[in-house]
1. Quick one: Cα convex hull volume of the stretch 120-190, Å³ per residue?
2. If we count every other residue with Cβ under 14 angstrom of THR17's Cβ, Lys/Arg +1 and Asp/Glu -1, where does the sum land?
3. For Rg/Rh (Cα atoms, Kirkwood Rh), pick the label among [x] 1.24; [y] 0.94; [z] 1.06 that corresponds to the value derived from the coordinates.
4. Roll a 1.4 angstrom probe over the protein heavy atoms and tell me the percent of accessible area of the stretch 53-200 that is carbon or sulfur.
5. Under DSSP H, which helices of the chain have Cα atoms covering 24 Å or more of the helix axis and a Kyte-Doolittle average no less than -1.0?
6. Rounded to the nearest 500 deg cm²/dmol, what is the calculated helix-only ellipticity per residue at 222 nm for the chain, with -39500 (n - 2.57) per DSSP H run of length n ≥ 4?
7. For LYS57, tell me the accessible area in Å² from a 1.4 Å probe, rounded to the nearest 10.
8. Rg and Dmax of the stretch 79-148 over Cα atoms: what are they, in angstrom?
Amino acid sequence: MPVAKGSTIDPARTRATILEAATPVLYERGLDGIGVTELCARLGVSKETLYRHFGTKDGLVQAVLEARSERVSTWLADAVAAAGDDPADQLTAVFDALQRWYEEPVFRGCAMTNAAAQHHVEAVRAITARHLGRYLELLTGIAARAGAADPHVLARQLLILVEGATVVAAHLGPAGTGEHGRRAALALLSASTPDRRPRP
């Protein structure tokens, strides 16, 4: 990441640039599927620069995961907000958004659960747990607005469908996976909120 002569080095910008470049590489190759030397070559930075901004490769991994979690959580929350006030429409929006993600050529499954499986360190597992907690918060809100007797239980059940659909799409292909997840989620929502009519 050479700096043009006469320009000023901006540490925050350099860090952000490294994060942006590292995210697709680590997602494609896996956290442990690329060494520091190759990673630095792919990013166009020296090891010294990497270590200066992140301490270690693990520090970079954790920063990448935190940034991705924030981005994904915001993306799904925006999809729910754009769906209007009806909880069934909001839940549909979640699975529609996921289906679009599953169909992307670079889709490799959930980066957070992949990370927890690949990289058995407490810091990564904690980031994954916080990420799933954000999903639960979003889904609990939908369940509460739908009038579920126990929104927290329903949200955990919906999260199982979300993560299950993501695993199936990653390993068996995306075709129809979001649709199947949506139908199961709406059926579960209807069963958990007796006053609501089932959606097709």
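1. In the stretch 120-190, the Cα hull volume divided by residue count equals 81 Å³.
2. It works out to a net charge of +2.
3. Among [x] 1.24; [y] 0.94; [z] 1.06, the one derived from this structure is [z].
4. The nonpolar share, carbon plus sulfur, comes to 57 percent.
5. Flagged H segments are 11-29, 57-82, 122-146, 151-172.
6. -24500 deg cm²/dmol
7. 30
8. 14.4, 40
The values are calculated or read from the model by the stated rules, or taken from the named source; none is laboratory data. Quick caveat: nothing in here was measured; it's all calculated off a predicted structure. All Cβ positions, even for glycine, are placed from backbone atoms using ideal geometry, and neighbour counts span all protein chains on display. For accessibility, only protein heavy atoms count, side chains too; no ligands or nucleic acids. Shrake-Rupley method; radii C 1.70, N 1.55, O 1.52, S 1.80 Å.
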